[in-house]
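A quick write-up on the structure given underneath.
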Amino acid sequence: MSQKWLLPLLGYVAFSVAILSVPAMVGDNVFLLNKYARYLALALPAVALALCWGQAGILNLGQGFSFGIGAYAIAMHLKLVASASNPGGLPDFMGWNNVGALPWFWEPFHSLGFAVLAGIGVPVLLASLLGWFMFRARIAGVFVAIITLAMLVVGNLLVVDQQRYTGGLNGMTDLAWLNVLGLQIDPYSRAFYYLTAGSLIAVLMAGFVLVRSKFGLILQAIRGNPERVRYFGYDVARYQSVAFATSAGVAGIGGMLYAMVLEFASPTFMAVPLSLAFVIWCAVGGRQSLLAAAIGAVVVNAIQGSLSEAFLDTAQLLVGGIFVLVVLFLPRGLGGLVEDTATRLHGAGARLRRGREAVEKSVDLPVKRGEVAK
Amino acid sequence: MSAILDLKGLEVSFDGFKAVSGLDLSVGEGELLCLLGANGAGKSTTLDLICGKTLPTAGTIRFRDRDITEVHEFRRARLGIGRKFQVPTVFRELTVEQNLEVARSEYPGVLSTLRRLGVRRCDRLEEVLELVGLTSKRRAQASELSHGETQWLEIAMLVMQDSQLILMDEPTAGMTIAETSRTCELFNRLRGRHTLVVVEHDMSFVREIAERITVMHQGQVLAEGGVTDIENNEAVREAYLGSRGIAHA
Ligand SMILES: Nc1ncnc2c1ncn2[C@@H]1O[C@H](COP(=O)(O)OP(=O)(O)OP(=O)(O)O)[C@@H](O)[C@H]1O
Ligand SMILES: [Mg+2]
């Protein structure tokens, strides 16, 4: 393994070890554990964004679309489980909206496997479709941002509008706990925390390999100059679509975990502010690295969390301020700062070594003492 | 010599302005053809037509006995057409090695690139780095290279791509004399293995490498022939050499 792999890999491993050791540190404080699980769930859409924006240069302002679909997919399953004892097994909000029988598209969500598959598969499918149209037409840059944002708004409106099937503005509340092979997973438990941390670690590790594969390299090349890549024989639109769809799948996983950790799904998951927040977290951490984006999400959420306990409304303001400062002074985010510092230290070390060598060489000069003075 | 590339009656107009009009051109397999012409004669546009960047409004393009007039750019690249741009175009944020890895595109599908590493060391990579003298800068970011080195990197990428037909748009533009003569050597090593179409303004360079020259004027072929034929051609002198002065180049 080359050095270029080693250092970043150490970073990923350190982060994994750190988040896995959180339960041991917080002890019995299940509220804290739940809070940290929430931060980790929110790291997933930031990682997803680092993948498509940071790597391939596709700025998706509507990441909440995929995130929301993931959340609703798992929420539908958990709602059905919670409603098992209702007449007809009908979710409560359907009863309030005079829905007589369970709609056909709700039926398969009795199966957890189906729900999980849908939570990842539907975002992937829709993103592939949208990506195909966008990237075939060579839409790029700010236009992609606008289209994805529009997609998000449409998704949000649809969810709010179709109250009979989605719970409308209230969303889906009173969800059951996740039940895996007869095991109830309380969102305030270590098991749930590990599920979230494990998902994040798995995604990060897969991402680590992906970014360093030739596929990742082609994405970076496309970010720099799609035209040039095309003349080497790569189907640029396909690469972009795959990156966009993979990113959507990761956001879907994040959405599922987020709905479980909060025990509800709400249209706010698909609202514009949250999707913009994803972008902020990703940019603060550093979009060029998946790990940096994850750390950015956790750090910003932690700051916001602790500030809002103290000052409530001013928290948003402060986070906004941090973002502006980062964009102005650290265009590559905190991750970029760390990287630059490491390079500088390395460079300084190398200069020092070179200097020492030079001094040693000069000592060897075949010039006798006193000769120079003449 | 059988023709690998055959252009017939090509025409392109930009907002009514005909950049290329009624162009016929044939390039033999393994040949090195120099394309000359004054500024705006339509040389770059001709290369754009061959690699698919621009679609013709009329005419046909045949490559290896296949009509590729309507074929998508990336498919043309897969068929064996490589292109170096007039403004050196490399991936500035990637290292020299990574640039060359992108260029190595014998398996350009998503599934195959997923299974490969970002940079694979191999004899071929070493060979190409050596060829353009960038071995010591392999880890450098392309943005740190000098102008001449950037030109070489792009040329190296085309060698790495190993296309049958390589289109070079002003490969020595902005190079020092020493760099240009080095590029000369490089081209002499490429000839035979690849078919080359080279757009160039530097006459001493053209004299050094050219077997056959095609001179373009106002989107058409004005003259074709060997170096001395062209230098002694009256029409060429008037249309092109008068404007740039071939004699002192
Ligand atoms: N995309 C475009 N839109 C409009 N006009 C164009 C376009 N591309 C080229 N032209 C025009 O077509 C003509 C031919 O341009 P081309 O770039 O092919 O010339 P050239 O022979 O390569 O010249 P040079 O030696 O300056 O590179 C020029 O007059 C140019 O202004
Ligand atoms: Mg030109």
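The values are calculated or read from the model by the stated rules, or taken from the named source; none is laboratory data. Predicted model, so just to flag it, every value in this text is computed and none were measured. No Cβ is skipped: glycine too gets one built from the backbone with ideal geometry, and neighbour counts run over all protein chains shown.
For the reader, a short list of remarks on this structure follows.
- Looking at A:365, A:290, A:328, A:345, just one residue is at pLDDT 80 or above and exposed (fewer than 10 other Cβ atoms within 10 Å of the Cβ), and that residue is A:328.
- Of everything listed in (1) buried (at least 24 other Cβ atoms within 10 Å of the Cβ); (2) closer than 15 Å to residue A:171 by Cα; (3) not polar (S, T, N, Q), the single unmet condition for residue A:264 is (1).
- Test: residue B:41 is in contact with a Phe, Trp or Tyr (Cβ under 9 Å, 6 or more places away or on another chain), more than 14 Å from chain A (Cβ to nearest Cβ), hydrophobic (A, V, I, L, M, F, W, C) and within 14 Å of ligand 1 (Cβ to nearest atom): yes
- Some residue of segment A:249-270 being closer than 27 Å to residue B:120 by Cβ, in contact (Cβ under 8 Å) with a residue 12 or more places away in the chain and out of contact with any Leu (no Cβ under 9 Å at 6 or more places or on another chain): no
- Checking each residue in segment B:45-55 for being within 13 Å of ligand 2 (Cβ to nearest atom) and within 14 Å of another protein chain (Cβ to nearest Cβ) picks out B:47, B:48, B:49, B:53, B:54.
- Positions within segment B:35-61 being free of Cβ contacts under 8 Å to residues at least 40 places away in the same chain and either under 20 Å from residue B:158 (Cβ atoms) or in a strand (DSSP E or B) (or both), in sequence order: B:48, B:52, B:53
- Test result for residue B:62, crowded, with 21+ Cβ neighbours inside 10 Å, more than 8 Å from chain A (Cβ to nearest Cβ), away from ligand 2 (no atom under 16 Å from the Cβ) and modelled with pLDDT of 95 or more: no
- Exclusive hit being touching a helix residue (DSSP H, G or I) at 6+ places or on another chain (Cβ under 6 Å) and either assigned to a helix (DSSP H, G or I) or within 11 Å of chain B (Cβ to nearest Cβ) (or both), set A:209, A:250: A:250
- Test: residue in segment B:11-34 that is touching a Leu at 6+ places or on another chain (Cβ under 8 Å), on the phi > 0 side of the Ramachandran plot, outside any loop (DSSP other than H, G, I, E, B) and more than 16 Å from ligand 2 (Cβ to nearest atom): yes
- Among the residues of segment B:183-219, those identified as within 22 Å of residue B:154 (Cα to Cα), of a type in the set (Asp, Glu) and away from ligand 1 (no atom under 16 Å from the Cβ) are B:185, B:208.
- Against the test of being more than 20 Å from residue B:190 (Cα to Cα), surrounded by fewer than 22 Cβ atoms within 10 Å (Cβ to Cβ) and among the polar types (S, T, N, Q), the options B:26, B:13 yield a single qualifying residue, B:13.
Residues checked against (1) without any contact (Cβ under 8 Å) to a residue 40 or more places away in the chain; (2) under 21 Å from residue B:91 (Cβ atoms); (3) under 12 Å from the mean Cα position of the chain (by Cα):
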position	(1), (2), (3)
B:143	no, yes, no
B:148	yes, yes, no
B:155	no, yes, yes
B:169	no, yes, yes
B:176	yes, no, no
B:198	no, no, yes
B:203	no, no, no
B:207	yes, no, no
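- Inside segment A:158-199, residues that are farther than 24 Å from residue A:270 by Cβ and surrounded by fewer than 20 Cβ atoms within 10 Å (Cβ to Cβ) make up a count of 14.
- Check on residue A:245, in contact (Cβ under 8 Å) with a residue 12 or more places away in the chain, in a helix (DSSP H, G or I) and within 14 Å of another protein chain (Cβ to nearest Cβ): yes
- Enumeration of residues in segment A:223-253 that are under 21 Å from the mean Cα position of the chain (by Cα) and of a type in the set (Val, Ile, Thr): A:242, A:246, A:250, A:253
- Scanning segment B:83-118 for residues that are more than 7 Å from chain A (Cβ to nearest Cβ) and not in a loop (DSSP other than H, G, I, E, B) yields B:84, B:95, B:96, B:97, B:99, B:100, B:111, B:112.
- Test: residue in segment A:224-231 that is assigned to a helix (DSSP H, G or I), more than 9 Å from every other protein chain (Cβ to nearest Cβ) and surrounded by fewer than 24 Cβ atoms within 10 Å (Cβ to Cβ): yes
- Among residues that are in contact (Cβ under 8 Å) with a residue 24 or more places away in the chain and not hydrophobic (A, V, I, L, M, F, W, C), residue A:230 is not included.
- All positions within segment A:268-282 that are more than 10 Å from the chain's Cα centre (by Cα) and buried (at least 24 other Cβ atoms within 10 Å of the Cβ): A:269, A:270, A:275
- Considering each residue of segment B:178-200 in turn, none proves to be more than 20 Å from residue B:82 (Cα to Cα), of a type outside the set (Phe, Trp, Tyr) and within 16 Å of ligand 2 (Cβ to nearest atom).
- Residue that is farthest from residue B:28 (Cα to Cα) [pool: residues in segment B:62-86 that are of a type in the set (Val, Ile, Thr) and without any contact (Cβ under 8 Å) to a residue 60 or more places away in the chain]: B:71
- Residues in segment B:154-171 that are away from chain A (no Cβ under 12 Å) and under 17 Å from residue B:101 (Cα atoms) were compared, and the one that is nearest to ligand 1 (Cβ to nearest atom) is B:155.
- Checking segment B:130-137 against the condition returns no match, with no residue being polar (S, T, N, Q), more than 14 Å from ligand 1 (Cβ to nearest atom) and either on the phi > 0 side of the Ramachandran plot or within 14 Å of chain A (Cβ to nearest Cβ) (or both).
- Only one of A:59, A:90, A:78, A:126 that is without any contact (Cβ under 8 Å) to a residue 24 or more places away in the chain and not hydroxyl-bearing (Ser, Thr, Tyr): A:90
- Note on segment B:14-34: residues that are within 9 Å of ligand 1 (Cβ to nearest atom) and either of a type in the set (Phe, Trp, Tyr) or touching a residue at least 12 places away in the same chain (Cβ under 8 Å) (or both) amount to 5.
- The set of residues in segment B:29-50 being closer than 23 Å to residue B:188 by Cβ and small (Gly, Ala, Ser) consists of B:30 alone.
- Of the residues in segment A:177-196, not one is hydroxyl-bearing (Ser, Thr, Tyr) and facing chain B (nearest Cβ under 9 Å).
- Residue A:220 vs. criteria in a helix (DSSP H, G or I), at the interface with chain B (Cβ under 7 Å from one of its Cβ atoms) and touching a residue at least 12 places away in the same chain (Cβ under 8 Å): yes
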